[in-house]
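Peer 1: One structure coming up, written as C-alpha cells, with questions to follow.
The values are calculated or read from the model by the stated rules, or taken from the named source; none is laboratory data. These numbers were taken from a predicted model, which means no experiment stands behind them. No Cβ is skipped: glycine too gets one built from the backbone with ideal geometry, and neighbour counts run over all protein chains shown. Keep in mind that these areas ignore ligands, DNA and RNA; they rest on the heavy atoms of the full protein, side chains included. Shrake-Rupley method; radii C 1.70, N 1.55, O 1.52, S 1.80 Å.
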Amino acid sequence: MNARLERYRRVQLTLSHGKQTADRELRQIVEACLERKEDTAAELVYGHIMSACQSLLEHLPGKTSV
C-alpha cells in the first residue's frame with residue numbers, strides 16, 4: 001500500500017508546497033503519542049490524512065472535494 005501511495009504523496013507535497021505543513025503536523029502527532037494522548041493522536045492522524053487528500057484533489061485535474 002505504501003508503494004502505491006508514494007507517488008501521490010510526492011505529487012501532493014510538490015504541487016501544494018506542503019512539506020512544512022506536513023512536517024509540523026507529523027511533529028504534533030509524535031508529540032501526542034509521546035504524551036500518551038491516544039485520542040488526540042488519532043484525531044491528528046485523521047486530520048493529517050484528510051487535509052493531504054483534499055490538497056491532492058485540489059491540485060489535480062477534475063477537482064473534487066472529500
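Peer 1: For region 45-66: of the residues being modelled with pLDDT of 80 or more and not hydrophobic (A, V, I, L, M, F, W, C), which is most open to solvent (accessible area, probe 1.4 Å)?
Peer 2: Tyr46
Peer 1: Hey, another quick one. What pairs can you find where one residue is in region 39-64 and under 14 Å from Ser16 (Cβ atoms), the other is open to solvent by 60 Å² or more (accessible area, probe 1.4 Å) and among the charged types (D, E, K, R), and their Cβ atoms are less than 7 Å apart, with a gap of 6+ or different chains?
Peer 2: Going by the 7 Å Cβ cut-off, the qualifying pairs are Leu57/Lys63.
Peer 1: Mind counting the residues in region 1-25 that are within 12 Å of the chain's Cα centre (by Cα), small (Gly, Ala, Ser) and in a helix (DSSP H, G or I)?
Peer 2: Qualifying residue count for the region: 2.
Peer 1: Considering only region 26-41, state which residues are open to solvent by 60 Å² or more (accessible area, probe 1.4 Å), in a helix (DSSP H, G or I) and not β-branched (Val, Ile, Thr).
Peer 2: Leu26, Arg27, Gln28, Glu31, Cys33, Leu34, Glu38, Asp39, listed by residue number.
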